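K.L.:
My questions all concern the structure below.
The values are calculated or read from the model by the stated rules, or taken from the named source; none is laboratory data. Since we're looking at a predicted model, the values are computed, not measured. In this analysis, Cβ positions are derived from the backbone assuming ideal geometry, glycine residues included, and neighbour counts consider all displayed protein chains. Ligands, DNA and RNA are excluded from the accessible area calculation, which covers all protein heavy atoms including side chains. Shrake-Rupley method; radii C 1.70, N 1.55, O 1.52, S 1.80 Å.
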Amino acid sequence: MPTSPHRALYTVDQVRALERGALDAMPVSNHELMLRAAHAALDSLRRHWPQAARIAIHCGPGNNGGDGFLLGVLAREAGLQVDVVVLTESSRGEAAQARAAWEAAGGSVRLWDDSEALPEVDVHVDAMYGIGFNRAPAAAEAALIEAINGSVTPVLALDLPSGLSADSGDCPGAVIRADVTVTFIAHKRGLHTGRAVDQVGTLELATLGVPASVYSSLQPDALLLVAEALPPRARHANKGDNGHVLIIGGDHGMAGAARLAGEAALRAGAGLVSVATRAEHVFALNAARPELMVHAVDGPQTLEPLLERASVLALGPGLGKSAWGHALWLTALDAGKPTVLDADGLNLLAREPRVFTTPTVMTPHPGEAARLLGVTVDAIERDRFSAVCELARRYGAVVVLKGAGSLIADANGRLDVCPWGNPGMASGGMGDLLTGVVAAMLAQGCEPWEAACLAVGLHARAGDLAARQGQRGLLAGDLLDPLRTLGNALPDGVSSHG
């Protein structure tokens, strides 16, 4: 079954290939395709700001500016008052034809001068730079971008916010902060992760009538996750059918991490969950959640019997990097069981790298990813796609790079992106929950790739359900009930990108 263009994510080179395929298949001219983009932009503008009477369109010299000029023609025909601000005295290629069409329709242009004020309008339209832009904007461009961002007027971006890298989502300099972005033909992968998610606002895809055959001719670089419910259990199922997760962690003062991972594993459907932790935590964990089987472990000898009974290991929540944590880490990895590796389990791996031959899922945040690759956090965030793929290749694991637009990659280059989640989830314990959910998916028979994708989707969507009462102050524990709900059915109000 062909992948829906609304789920598929592409690199810049792939988008250009799709554009060439569209021109061959439809067939239409570049100008006609640009005109379709302008119609889509006007439709988006009218839907989001139906009362808008005056707009300013800020046009660059290339095709993105061409889309803007043709939007100006259509908007004037629809009765809107249109101001066009240009960055350059002339336009290139197809954009020059579009600019001529604007002027032939009676429109005029104003060359941007940062000593002048922006036009007073109801909506600013960003048509400055498109997918080919991969540098920090120059001073004059940056001044216009900052002026638009500093106004209280809403912004519609055409194809992508100017200043944003369509491939990586990096923002090397000034970048438009859009309220709505209408992107054309195909989703550009960089708009869906990291810093980009703060810039795009509401993201819409206008395929411009490109036929399905064009999309089916090219494998996407990545896919957006779809909302999935777990299959119902057989009526005769017993706890042994749903796996036994062993959480290994909880050094001095960090019992909460092990408890959150364990509870998440239970709520996500693991049949049995044990916790190997410091003796001082046993009473408190047993009292707080009696369904967890909590064991005092002082070293490898007391851990080994628990490893034998477990089917899946969750290694790292609150583990610490002391001699105790290191000894448990080595013993657990040598057990050869399917493993979820997080937190200090990853920090220890950065010190003592190994390539995994048993099923392994790693769930680093950008700081842990930076340590694992020996680079800075900023380098990770500049290109999250390259980072997650390199981690998967280097360590032979399925890797979840957490953050806004979490990424999932395997060693063969497969790549998925999570479209859910919210800033309220930037609080302590959220990663411990994810570790437990991934472990529960593995325990219930999922392969590592499926386990990671299901778990990331469940975790993020549970966060969105919990955040309906407000993002600020959201606690990791608030996700436990929604995790159970989502693991059994898809509730109303949680969208699918399928």
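K.L.:
So if I check each of Ser44, Ser4, which one is open to solvent by 10 Å² or more (accessible area, probe 1.4 Å), in contact (Cβ under 8 Å) with a residue 40 or more places away in the chain and within 28 Å of the chain's Cα centre (by Cα)?
P.N.:
None of the others qualify; the one that does is Ser4.
K.L.:
Name the pairs whose Cβ atoms lie under 9 Å apart, with the first residue in region 465-489 and farther than 15 Å from Leu434 by Cβ, the second of a type in the set (Ser, Thr, Tyr) and outside any helix (DSSP H, G or I), and 6 or more positions between them or separate chains?
P.N.:
Gly473/Ser427
K.L.:
Please state which one of Leu111, Leu203, Leu144 is farther than 30 Å from Gly367 by Cα and either in contact with a strand residue (DSSP E or B) (Cβ under 6 Å, 6 or more places away or on another chain) or surrounded by fewer than 16 Cβ atoms within 10 Å (Cβ to Cβ) (or both).
P.N.:
Result: Leu111 is the single residue among Leu111, Leu203, Leu144 that is farther than 30 Å from Gly367 by Cα and either in contact with a strand residue (DSSP E or B) (Cβ under 6 Å, 6 or more places away or on another chain) or surrounded by fewer than 16 Cβ atoms within 10 Å (Cβ to Cβ) (or both).
K.L.:
Could you identify the single residue in Leu158, Leu208 that is in contact with a Lys or Arg (Cβ under 6 Å, 6 or more places away or on another chain), of a type outside the set (Val, Ile, Thr) and at pLDDT 95 or above?
P.N.:
When all the criteria are applied, what remains is Leu208.
K.L.:
From Asp410, Asp344, grab the single residue that is more than 24 Å from Arg195 (Cβ to Cβ), touching a Lys or Arg at 6+ places or on another chain (Cβ under 6 Å) and at pLDDT 95 or above.
P.N.:
Residue meeting the stated conditions: Asp344.
K.L.:
Moving on to the next point. What number goes with the only condition from (1) within 26 Å of Gly240 (Cα to Cα); (2) crowded, with 19+ Cβ neighbours inside 10 Å that Met425 does not pass?
P.N.:
For Met425, the exception is condition (1).
K.L.:
Separate question: Do you know which of the residues in region 15-37 that are touching a residue at least 60 places away in the same chain (Cβ under 8 Å) and open to solvent by less than 30 Å² (accessible area, probe 1.4 Å) is nearest to the chain's Cα centre (by Cα)?
P.N.:
Only one residue tops the list, namely Val15.
K.L.:
Filter region 154-171 down to the residues that are touching a residue at least 60 places away in the same chain (Cβ under 8 Å) and either touching a Leu at 6+ places or on another chain (Cβ under 8 Å) or within 22 Å of Ala222 (Cβ to Cβ) (or both) and list them by number.
P.N.:
Leu156, Leu158, Asp159, Ala166, Asp167, Ser168, Gly169, Asp170
K.L.:
Something else: Looking at region 404-498, what helices (runs of 4 or more DSSP H) fall wholly within it and have at least 3 residues that are touching a Phe, Trp or Tyr at 6+ places or on another chain (Cβ under 9 Å) and within 29 Å of Asp167 (Cα to Cα)?
P.N.:
Once the helices (runs of 4 or more DSSP H) in region 404-498 are filtered for at least 3 residues that are touching a Phe, Trp or Tyr at 6+ places or on another chain (Cβ under 9 Å) and within 29 Å of Asp167 (Cα to Cα), what remains is 448-466.
K.L.:
In the list Ala314, Ala237, Ala284, which residue meets the criterion of being in contact (Cβ under 8 Å) with a residue 24 or more places away in the chain and either under 26 Å from Ala452 (Cα atoms) or not in a helix (DSSP H, G or I) (or both)?
P.N.:
Ala314
K.L.:
Follow-up. Select from region 389-403 the residues that are open to solvent by less than 40 Å² (accessible area, probe 1.4 Å) and part of a loop (DSSP other than H, G, I, E, B) and write down the one among them that is nearest to Val197 (Cα to Cα).
P.N.:
Among residues in region 389-403 that are open to solvent by less than 40 Å² (accessible area, probe 1.4 Å) and part of a loop (DSSP other than H, G, I, E, B), the one nearest to Val197 (Cα to Cα) is Lys402.
K.L.:
Is one or more of the residues making up region 69-78 in contact (Cβ under 8 Å) with a residue 60 or more places away in the chain, in contact with a strand residue (DSSP E or B) (Cβ under 8 Å, 6 or more places away or on another chain) and closer than 21 Å to Thr181 by Cα?
P.N.:
Among the residues of region 69-78, at least one is in contact (Cβ under 8 Å) with a residue 60 or more places away in the chain, in contact with a strand residue (DSSP E or B) (Cβ under 8 Å, 6 or more places away or on another chain) and closer than 21 Å to Thr181 by Cα, which makes the answer yes.
K.L.:
What are the pairs, 6+ residues apart or on separate chains, where a residue within region 369-391 that is over 12 Å from Lys402 (Cα atoms) and among the acidic types (Asp, Glu) has its Cβ under 7 Å from a residue that is open to solvent by 10 Å² or more (accessible area, probe 1.4 Å) and outside any helix (DSSP H, G or I)?
P.N.:
Asp383/Ser168; Asp383/Asp170
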